[in-house]
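Q: Please read through the structure below; I'll follow up with questions.
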There are 2 protein chains.
Amino acid sequence: MSASFPLLLLLLFGPIFCLGHPRLLGDPARFSQLKSSNYTWQTKFLDVPLDHFAFTTNRTFPLRYFINTDSYKAGGPILFYTGNEGSLESFAENTGFMWDLAPKLNASVVFAEHRFYGESKPFKNESYSKIEYLGYLTSEQALADFVDVIWHLKNKELQGASKSKVVAFGGSYGGMLSAWIRLKYPHIVNGAIAASAPVFWFIESKIPEDIYDKIVSRTFNTSGCNWKAVEKSWMVLDSLAKQAQGLDYLNKLFKLDSKSLLKTSEDVNFLKQYIREAMEAMAMVDYPYPTSFLSPLPAWPVRAACKFFTKVPNTDVKSAEQLYQVVNLYYNFTGDKATFCADASKCESAFAALGDPLGWPFQTCTEMVMPLCGSGSPNDFFWRDCPFTVEKYGDYCEQTFGKIGYKRSMMRPLFATQNYGANSFPTASNIVFTNGYLDPWSGGGYTEKTHGSVVTILLKRGAHHYDLRGEHPDDTEEVRRVRQREESAIRMWIA
Amino acid sequence: MSASFPLLLLLLFGPIFCLGHPRLLGDPARFSQLKSSNYTWQTKFLDVPLDHFAFTTNRTFPLRYFINTDSYKAGGPILFYTGNEGSLESFAENTGFMWDLAPKLNASVVFAEHRFYGESKPFKNESYSKIEYLGYLTSEQALADFVDVIWHLKNKELQGASKSKVVAFGGSYGGMLSAWIRLKYPHIVNGAIAASAPVFWFIESKIPEDIYDKIVSRTFNTSGCNWKAVEKSWMVLDSLAKQAQGLDYLNKLFKLDSKSLLKTSEDVNFLKQYIREAMEAMAMVDYPYPTSFLSPLPAWPVRAACKFFTKVPNTDVKSAEQLYQVVNLYYNFTGDKATFCADASKCESAFAALGDPLGWPFQTCTEMVMPLCGSGSPNDFFWRDCPFTVEKYGDYCEQTFGKIGYKRSMMRPLFATQNYGANSFPTASNIVFTNGYLDPWSGGGYTEKTHGSVVTILLKRGAHHYDLRGEHPDDTEEVRRVRQREESAIRMWIA
């Protein structure tokens, strides 16, 4: 099974927040090259209203969903994935847990695409071209789309399903959506598995704004990395970049693509960020068996990276080389890459295209304003770009979306909190929130103690929504137990 | 205390559903003539987004609210009325229960206006002029407005209120909103009093479509009316209207305004409808003490009306006279009216104006599609205009709103159900649902048994949201007990 899911999140979800001045990664073309899994489904479309919450237009558009009824028996439950910020295939291919459950529960398996991603673009190729179109990309509209799909499944498409129970699944932003759809539509969705969902990563949640890289650093530190060695390496890069000779050395050491060569001492920030993203990503996907992402990775990739960082080197050159090893591990594990591009905007033509990769950034510039920055030593082993400010983030948003009519006043930093809750869900029931201790996103997860049917599970050896993956021979005992617990909860909800 | 509230509902809420071919009543000018109560408040405005659920525009508009902090002590609760389909004054003046509670609870009292009514029109006088404006009149947007007001009160306006509890109050459509705001925003609103809220009056709720007039008939029947006498009277009108002489007689008997004279046998339907509306209204406002509405009414008005209907008359003329007595009672209790207008659209210039009176009809043509019709004998003592069909209702909608760009496909008869629930609220808590057995709207109320903190109360001698009214010497023992129970529930929620 290929495993693009966490990567997709990394691309579209991770880096945006990791940056004082957010950049975008992501080349949609790459996703189409992913090796397909063994899962099969029928692709369908349902017309849904462009705007569920106003009646200024009667425009509709076809929302894509995948369905498999191989295990379904009349009246059996619907296992329903609430699609994230990306094309739907990845989620269908990388949520093996649902596929593993279906035959045990006589269930249908459905994955619904999030509007404005993949093939669910309300205005097709023009969807990202102006604010009057893109403005309909919101989580509330997406949830209402999903409700329409569920209604259609129960009342039209699936035989004998009018009383079928519905269980929502999602990881990361998809996990936020699965929790929220249960909270907002409990008469439609009977329970939810919300894996690694940073539901409390908003301004009013008051989580530490620097928690993300703190956790990344902790994951590396407990995997054998020498904290001082990492800290030193950035200073070495800064120092080398101050001289022409040093820049030359770095360009060669990191085999930088001719389009992204470092030319000034400032340019080193792109390289540093490129490496930070690799490390952040490895913490997110620190799984116990080899998985294949943008570049394939070995089992426990953080441990593998830390082999290069066991002690503080006694020369600058050795410090720089440590970092190169990390780059080579994360971006080139298969060894077929001749050069690296530290600044995607310079190397990749697809980057500039308006489309999916700008979807999540747009969401973070409207209602999903999630404060995130690094505070550096002694909290994390990167460098300081805190504080996060709405003003600074607004600069980025205006710069990115101003040309399509976005205005800074469209950012509503309090809205997600007002709409969904800042740090508690007082009436929640039938939700399992899982978080992985290794995963930086766990810093904004639901952490209240288990109460009633709201179950909180922390996977000590878990990365980003590890539990949603399919069974694997090298799975930890812990994740097996967690999946059993999730299955038990689901059986209660659908009983 | 004047008591325009139930009337307002009658005008804007009641008649729309009572008709096979809906007409509109309501002359906004009249409301301004209402005698004001002794309650006082400050009028304020808060800028809220025109569209909470999309980012195609950053337009905002000022939403009106009333606030009184005479009893408020720092940290005390906020008693918050979720405004209905009408200008705010009526709700502030006719929800004495909130005013009575405030000093006992050290509470602030707030009434928030529903968008597109009163002085909360996003596009001022143009608000009803085209679908691109009026389309933003939805219940979801209104709830989000209210959330903004609450957030503002807690964090900006009210001193020491950041942790204040919030209790929502509402009657009729306002009661639907108070229940829904607790369901959808439990992190914002701690509990809700939902009085006479027909939350389950939607197509998928599957309540009998003819329940409304069944209850009206029952209320009259148990108040002394002779069922056969009423049934006969309609046949007499039909029969008289078939001849020129009979029409002439009816025009004189009912003192019809020269603009609404009956000219053909078909015209009698306007007169019949005019009388049915009076009877429906009296069932809604069948309170134990005199109240003052469009026309003032005596205590227990249904009982008063039934004095004219104790037995079946032996002549047609006497039958017709019975009906005239009802007209005279409801529309002319003070006796200063010289003529009656059976067809408001012909007599009243304000009727044709685009504005508030068309607000609720618009809502019923988009998401608040509430099936309602009369099935006649033996179910009710009126006549048959069932079945209710979406197609037939669509005709009315297109005819009324087509000129501003409304299209029939904008009607989404399943939406309220999908959004709020068809006939259960599986995760509800901290809501008191009250219904009055005399009130036709009780037919679509929440009727599950009390479970946990969701309390269901039926007032056997209660009309439309009687419990929300202020204390009165002639109150029934029953309503006093109910208000005590509501107060106890509120004290639990805010403890």
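Q: With the label 7 angstrom out along Cα to Cβ, how close does A:Glu204 come to the same site in each of the other copies, in nm, nearest first?
A: Its label point is 2.8 nm from the equivalent points in the other copies.
Q: Go through A:Lys184/B:Lys130; A:Lys255/A:Lys346; A:Lys165/A:Lys460; B:Lys242/B:Lys337 and tell me which ones have a Cα-Cα distance over 25 Å in this structure.
A: Table pairs above 25 Å Cα-Cα are A:Lys184/B:Lys130; A:Lys165/A:Lys460; B:Lys242/B:Lys337.
Q: From the backbone phi of segment B:367-378, what are the Karplus-calculated ³J(HN,Hα) couplings (6.51 cos²θ - 1.76 cosθ + 1.60, θ = phi - 60°) in whole Hz, Gly and Pro given as x?
A: Each residue's phi maps through the Karplus curve to give 10, 9, 7, 10, x, 7, 6, x, 9, x, 4, x Hz.
Q: Further question on the same structure: Work out the mean other chain Cβ neighbour count within 10 Å for the residues of A:116-127 and drop it here as an integer. Before the final figure, lay out each step's value.
A: Details: counts 0, 0, 0, 0, 0, 0, 0, 0, 0, 0, 0, 0.
The shielding value for this peptide is 0.
Q: Here's another thing I want to ask about it. Just to confirm the number: angle between the C-alpha axis of helix A:211-221 and the first principal axis of chain A, 0 to 90 degrees, nearest 10?
A: With rounding to tens, the tilt is 70 degrees.
Q: Further question on the same structure: Run the label-point distances for A:Glu132 please: 7 Å along Cα to Cβ, every other copy, nanometres, shortest first.
A: Nearest first, the other copies' label points are 0.7 nm away.
Q: For peptide B:414-423, how many partner chain Cβ atoms fall within 10 Å of a residue's Cβ, on average?
A: Partner-chain Cβ atoms within 10 Å, mean over residues of B:414-423: 4.
Q: Over every pair of different alpha-carbon atoms in segment B:241-282, take the mean of 1/r and invert it; report that Kirkwood radius in Å.
A: Result for segment B:241-282 stands at 10.6 Å.
Q: Using a/c under 1.5 as the rounded threshold, could you call segment A:320-445 rounded, prolate or oblate? The axes a ≥ b ≥ c are square roots of the C-alpha gyration tensor eigenvalues, and prolate needs a/b larger than b/c, oblate otherwise.
A: Working: a/c = 1.84, a/b = 1.28, b/c = 1.43.
In terms of gyration-tensor shape, oblate.
Q: For peptide B:186-192, how many partner chain Cβ atoms fall within 10 Å of a residue's Cβ, on average? Walk me through the numbers on the way to the answer.
A: Values: counts 7, 13, 6, 0, 1, 0, 0.
Neighbouring Cβ atoms belonging to other protein chains average 4 per residue here.
Q: Ordered shortest first, which distances in nm separate the 7 Å Cα→C-beta label point of B:Thr456 from those of the other copies?
A: From this label point to the equivalent ones elsewhere in the assembly: 3.4 nm.
Q: A follow-up question, please. Could you work out the longest stretch of chain B that avoids the trypsin sites (Lys or Arg not before Pro) located in DSSP loops with at most 15 other Cβ atoms within 10 Å?
A: The segment B:74-162 is the longest one with no such site.
Q: Which entries in the list A:Lys163/B:Lys214; B:Lys272/B:Lys407; B:Lys228/B:Lys311; A:Lys206/B:Lys154 go over 19 Å, if you measure between the two C-alpha atoms of each?
A: Distance filter (> 19 Å) returns A:Lys163/B:Lys214; B:Lys272/B:Lys407.
Q: Something else: I need the semi-axes of the equivalent ellipsoid of the protein assembly as shown: take the C-alpha gyration tensor, multiply each eigenvalue by 5, square-root it, list largest first in whole angstrom. Intermediate results must be reported in sequence, preceding the final value.
A: Values: eigenvalues 768, 145, 127 Å².
Equivalent ellipsoid of the protein assembly as shown: 62, 27, 25 Å, largest first.
Q: Setting aside same-chain residues fewer than 8 positions from A:Lys318, which aspartates and glutamates have a Cα under 17 Å from its Cα?
A: Straight-distance partners of A:Lys318: A:Glu231, A:Asp238, A:Asp248.
Q: Now, a different point. What number, in percent, do you get for the relative contact order of segment B:209-352 if the mean sequence gap of Cα pairs under 8 Å and at least 6 apart is divided by its residue count? Can you show the working numbers first?
A: Details: 175 pairs, mean separation 49.4, N = 144.
Reported as a whole number, the value is 34 percent.
Q: I would also like to ask the following. To the nearest 10 degrees, how steeply does helix B:173-184 sit against the main Cα axis of chain B, on a 0 to 90 scale?
A: Taking Cα atoms only, the helix is inclined about 30 degrees.
Q: What value, in deg cm²/dmol to 500, does the helix sum -39500 (n - 2.57) over DSSP H runs of n ≥ 4 give at 222 nm once divided by the residues of chain A?
A: Estimated from H runs of four or more residues: -10500 deg cm²/dmol.
Q: Quick one: Kirkwood hydrodynamic radius for segment A:209-352, alpha-carbon pairs, angstrom, one decimal?
A: Its Kirkwood hydrodynamic radius stands at 15.5 Å.
Q: Among chain B residues, which Cβ is nearest the axis of the B-onto-A rotation, and at how many Å?
A: Axis-proximal residue of B, distance in whole Å: B:Phe53, 2.
Q: What is the mean projected area of the alpha carbon convex hull for chain B, to one decimal in square nanometres?
A: 21.5 nm²
No lab work stands behind these numbers, since they all come straight from the coordinates. Values in this document were obtained by computation on a predicted structure and should not be read as measured data. Glycine gets a Cβ as well: all are built from the backbone with ideal geometry, and neighbour counts include every protein chain shown.
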